[in-house]
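Following: one structure in structure tokens, then a few remarks.
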Amino acid sequence: MRRLLCSMFLAALLIAATRPANAADPPNILWISCEDICPDLGCYGDKYAHTPNIDKLAREGIRYANAFSVAGVCAPSRSAIITGMYPTTISTHHMRCKAVPPAYVKCFPEYLRAAGYYCTNNVKTDYNFDAPVTAWDECSRKAHWRNRAPGQPFFSVFNLTVTHESQIRCTPEQFAQHMQKVAPEHRHDPAKAVLPPYYPDTPIVRNDWARYCDLITAMDLQLADLLQQLEEDGLADKTIVFFFGDNGRGLPRAKRWLYDSGIHVPLVIRLPDRRDAGTVCDDLISFIDFGPTSLSLAGVKVPAHMQGRPFLGEQKTEPRKYIFAARDRMDETYDIIRAIRDKRFKYIRNFKPGRPYAQYIDYMEKMPTMQEMRRLNKEGTLTGPQKIFFLPEKPEEELYDCVNDPHEIRNLASLPDHRERLTAMRQVLGEWMKETRDLGLIPEEELNERMRPGGKWVVTAAPVMEPSGGSHQGPVSITISCPTEGASIAWTSDDGGQTHWRLYSRPIRLERSATIRAMAVRLGYHESPEVHADYRIGQ
């Protein structure tokens, strides 16, 4: 108990020291993310869906019609969310790489922690770099806003993984476990599924689609539980709630691809005062905008290096004209694809047109729908748009009218009537690649050598603690620095029990004796050795 009270006392002192003097009741922020879904929800007009809790959240908040991931797969997308930067700029564009982002790049929750927020992540990271200890107060399956100090504002992320593509193809026993809380009448009948035209209409494909929708219903109940916890804690009217998916559907020609089926995601935001409740915003929103927007809502200055634009809060900017997306290595398979989209048209540039769409990716091949499509293609029984995915080559350019052709199956790139639009979007995409210093055309081996010569990881230099002022009878101020450019510093004065690493953002003022421990880390580097020093006051 004594250790617990001491820890809470130190946390309270930290809050007082880090909260800006003019900050009055900053809002709490709750992010609820889920895996591998498009806006296949009731609130988006999907009549096959059963998502009453997300639909209710949309009635109480703002539904965004044009929110997009920057990639069709989780790790590059999540790197963009956590940094506010394009993966192609910070070298996180290849799936499951170990990137070394530029020194100035931080995980944006650090800026919230520096402003006094308690930041938690439950539990997935998957940023294409190791999550630094400085990013979160808690990052575990037990991470929760309830663990903060009294009165401390929070930024909490809950990642609901039940909709992940792997769960569509899981065993019957595993699937039954997911469906335990879903009433039988809310299960989806495969016979009533409305399939995209690029899928063959077979029982196997229908079953996968129904399972996908069943999992969304299961996720909807998990979201309801989190919102209920917020109500129970009396925080619903003090908390901004984000709900979104991390990339498109976990099915073939969706996840991993830059069609809307791979990058168009749901986004609902509920504000504490229910402002604009039930409205629909058609502004173009990119994943790199989420972090800057959360900082803006919290009253924290958005760093100049971030490429994302706040779309809410005091720092709100003008709406986007375009969103951009990229595909590079997916697991063991290489491709280079870039896309630009406005509210109606999408332009796709295939930099490896000689490679087919349906390259083999072992993880993707485990999906029954993919196996069914392979079988039917081998038999020669696929028809119409179903055959496009198995063409031996891709066109160099693709252009789609996403309003009149939402499944993106009619390529307009070669039509004279669209030549002007094609040329304009090609030019804007090229300018974006130059301005953002797109690293995708650099071979991965060469890029890895640039980031980590000889394959050797750099260890962040040990931090240096320097006391100043005070005396043996009075308080002392401790400054901590690190010689490694771009390193963030974590510190603690915990004495036994579970260590809570705090983010160092300003000198530490000690009023009584304590042992201070510190470590440093830069993204893409190993953590530094831990250092410690004893400070005795009044002895």
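The values are calculated or read from the model by the stated rules, or taken from the named source; none is laboratory data. In this text the structure is predicted, and so the values were computed from the model without any measurement. FYI the Cβ positions are ideal-geometry reconstructions off the backbone, even for glycines, and counts take in every protein chain you see.
Numerical summary
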quantity: Out of Ala58, Ala49, Ala65, sole residue that is of a type in the set (A, V, I, L, M), buried (at least 23 other Cβ atoms within 10 Å of the Cβ) and at pLDDT 95 or above; calculated: Ala58
quantity: Some residue of region 333-344 being surrounded by fewer than 17 Cβ atoms within 10 Å (Cβ to Cβ), polar (S, T, N, Q) and either within 30 Å of Met85 (Cα to Cα) or free of Cβ contacts under 8 Å to residues at least 60 places away in the same chain (or both); calculated: yes
quantity: Residue under evaluation Ser140, criteria (1) under 17 Å from the mean Cα position of the chain (by Cα); (2) within 16 Å of Gln498 (Cα to Cα); (3) surrounded by 23 or more Cβ atoms within 10 Å (Cβ to Cβ), criterion not met; calculated: (3)
quantity: Filtered residues of region 433-469 (kept if touching a residue at least 12 places away in the same chain (Cβ under 8 Å), in a helix (DSSP H, G or I) and within 15 Å of Ile336 (Cβ to Cβ)); calculated: Met433, Glu444, Leu447
quantity: Matching option when the condition is over 20 Å from Leu160 (Cα atoms) and either buried (at least 24 other Cβ atoms within 10 Å of the Cβ) or under 20 Å from the mean Cα position of the chain (by Cα) (or both), among Pro203, Pro252; calculated: Pro252
quantity: Within region 59-101, considering residues that are part of a strand (DSSP E or B) and of a type in the set (A, V, I, L, M), the one nearest to Gly262 (Cα to Cα); calculated: Ala67
quantity: Check on Ile81, closer than 26 Å to Lys321 by Cβ and of a type in the set (A, V, I, L, M, F, W, C); calculated: yes
quantity: Within region 259-371, helices (runs of 4 or more DSSP H) holding 3 or more residues that are touching a helix residue (DSSP H, G or I) at 6+ places or on another chain (Cβ under 7 Å); calculated: 290-298
quantity: Some residue of region 231-239 being part of a loop (DSSP other than H, G, I, E, B), without any contact (Cβ under 8 Å) to a residue 12 or more places away in the chain and closer than 30 Å to Lys394 by Cα; calculated: no
quantity: Selected residue (criterion: farthest from Ala143 (Cα to Cα)) from residues of region 475-504 that are at pLDDT below 95 and of a type in the set (Val, Ile, Thr); calculated: Val476
quantity: Some residue of region 255-265 being modelled with pLDDT of 95 or more and over 19 Å from Lys346 (Cβ atoms); calculated: no
quantity: Conditions (1) in contact with a Cys (Cβ under 6 Å, 6 or more places away or on another chain); (2) crowded, with 24+ Cβ neighbours inside 10 Å: number failed by Asp126; calculated: (2)
quantity: Count of residues meeting criterion [more than 13 Å from the chain's Cα centre (by Cα), under 21 Å from Leu41 (Cβ atoms) and of a type outside the set (Val, Ile, Thr)] in region 267-299; calculated: 10
quantity: Failed criterion for Ser77 (all others in (1) touching a residue at least 60 places away in the same chain (Cβ under 8 Å); (2) surrounded by fewer than 24 Cβ atoms within 10 Å (Cβ to Cβ) hold); calculated: (2)
quantity: Residues of region 370-386 classified as surrounded by fewer than 15 Cβ atoms within 10 Å (Cβ to Cβ) and not small (Gly, Ala, Ser), total; calculated: 6
quantity: Single unsatisfied condition, His178 versus (1) of a type outside the set (S, T, N, Q); (2) without any contact (Cβ under 8 Å) to a residue 40 or more places away in the chain; (3) over 27 Å from Thr279 (Cα atoms); calculated: (2)
quantity: Some residue of region 191-198 being modelled with pLDDT of 95 or more, under 24 Å from Tyr363 (Cα atoms) and buried (at least 16 other Cβ atoms within 10 Å of the Cβ); calculated: yes
quantity: Checklist (1) outside any strand (DSSP E or B); (2) at pLDDT 95 or above; (3) surrounded by fewer than 18 Cβ atoms within 10 Å (Cβ to Cβ) applied to His472, failing item; calculated: (2)
quantity: Single condition Asp225 does not satisfy, out of (1) in a helix (DSSP H, G or I); (2) at positive phi; (3) acidic (Asp, Glu); calculated: (2)
